[in-house]
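I have placed the structure first, in the form of structure tokens, so that the comments after it can refer back to it.
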Amino acid sequence: MNEIESKIKNRTKEIKLYSSKSISGATFLGGPLAGGYLISENLKALDKPDEGRKSLIIGIISTIALFGGIFMIPETIIDKIPNQLFPLIYTGIIWGFVEWTQGDVLKAHKENGNSFFSGWKAAGIGFISLVIIGIGIFGYVYLESNNPAYKIYDEKIAEFTKNETESLAFYDHINTETRNSLIQKLDNSTISKWKENLKIIKELNSIENLPSELLEQNIILLKYSELRLKAFNLFKKAISEDTEKYSQELEQIHKEIDEQLTKLN
């Protein structure tokens, strides 16, 4: 009777499973795709094919969402995040999920001395998953680099930069030229350049299929251009009135300009 009860309890005697340790290792190497696949293989072996398919689909969707989300994070923020943080987070989530859904089965499987797939096989699947993800990322980068929006954007930014460089030459003459000459420069080659730059930014925002990071950059460029235009208009006013009463206001504007430049860099 004890032998019969033992056979009934040992329901996984004839099958092989992946341990939670192997699944976690493969997930760390190959992302949620690897974890979802191995979990689905365990579920299929446990005669739960529908749940297995769901786990695989969740693994695929999670992988796309993860890397899609990473690509949307600005580089300035990504550079501050430790390289191992994301793998540790999604590996921890997968480990917790395996323990929650299959923990008791895997524990009983081990206590009964039943077979597990080797960690090397799980690692191999993790490596294959890594290759698949790498191909996907390469394809995405290739398509993005050939996005015509980038070419148009670069051409417009080149115009923006040219206007910026020419306008900032005003500061080289501010202490050496006459008031009339400075006002003339402000009207002809400084203020007008920043009005053009504001138009350029509006054109940039109208480009179709422009990536979100460039749209965010445009917001900063717009604020930066408005501040430059405000500063040069105030310079003109100060020079025309031959006064220094706007010095504090100009100092504050230039401080805000520096803040926007820091964001751009």
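The values are calculated or read from the model by the stated rules, or taken from the named source; none is laboratory data. Please read these numbers as outputs of a predicted model, since none were measured by experiment. Here Cβ is always computed from backbone atoms with ideal geometry, including for glycine, and neighbour counts include all displayed protein chains.
For region 86-120, taking the residues that are charged (D, E, K, R) and out of contact with any helix residue (DSSP H, G or I) (no Cβ under 8 Å at 6 or more places or on another chain), the one that is farthest from LYS48 (Cα to Cα) is identified as GLU111. If the condition is being part of a helix (DSSP H, G or I) and either β-branched (Val, Ile, Thr) or without any contact (Cβ under 8 Å) to a residue 60 or more places away in the chain (or both), then region 236-253 contributes LYS236, LYS237, ALA238, ILE239, GLU241, SER247, GLN248, GLU249, LEU250, GLU251, GLN252, ILE253. Over 36 Å from the mean Cα position of the chain (by Cα) and among the aromatic types (Phe, Trp, Tyr): does that describe PHE116? Criteria met by PHE116.
Restricting the search to region 145-159, which residues are surrounded by 12 or more Cβ atoms within 10 Å (Cβ to Cβ) and under 26 Å from the mean Cα position of the chain (by Cα)?
First, pick out the residues of region 145-159 that are surrounded by 12 or more Cβ atoms within 10 Å (Cβ to Cβ): 147, 149-150, 152-153, 156-157, 159.
Scanning region 145-159 gives ASN147, ALA149, TYR150, ILE152, TYR153, LYS156, ILE157.
Of all residues in region 14-49, those satisfying the criterion of being over 15 Å from VAL105 (Cβ atoms) and not hydroxyl-bearing (Ser, Thr, Tyr) are GLY25, ALA26, PHE28, LEU29, GLY30, GLY31, PRO32, LEU33, ALA34, GLY35, GLY36, PRO49. All conditions but one from (1) of a type in the set (Ser, Thr, Tyr); (2) closer than 22 Å to GLY35 by Cα; (3) outside the structural domain of GLY25 (by TED's automatic domain parsing) apply to TYR153; the one that does not is (2).
Give region 2-40 a look and list any residue that's assigned to a helix (DSSP H, G or I), modelled with pLDDT of 85 or more and of a type in the set (D, E, K, R), or say none. Within region 2-40, just LYS21 meets the criteria.
Residue-by-condition table, conditions (1) surrounded by fewer than 16 Cβ atoms within 10 Å (Cβ to Cβ); (2) assigned to a loop (DSSP other than H, G, I, E, B):
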| position | (1), (2) |
| --- | --- |
| THR161 | yes, no |
| TYR171 | yes, no |
| SER181 | yes, no |
| SER189 | yes, no |
| ILE200 | no, no |
| ASN209 | yes, yes |
| ILE219 | yes, no |
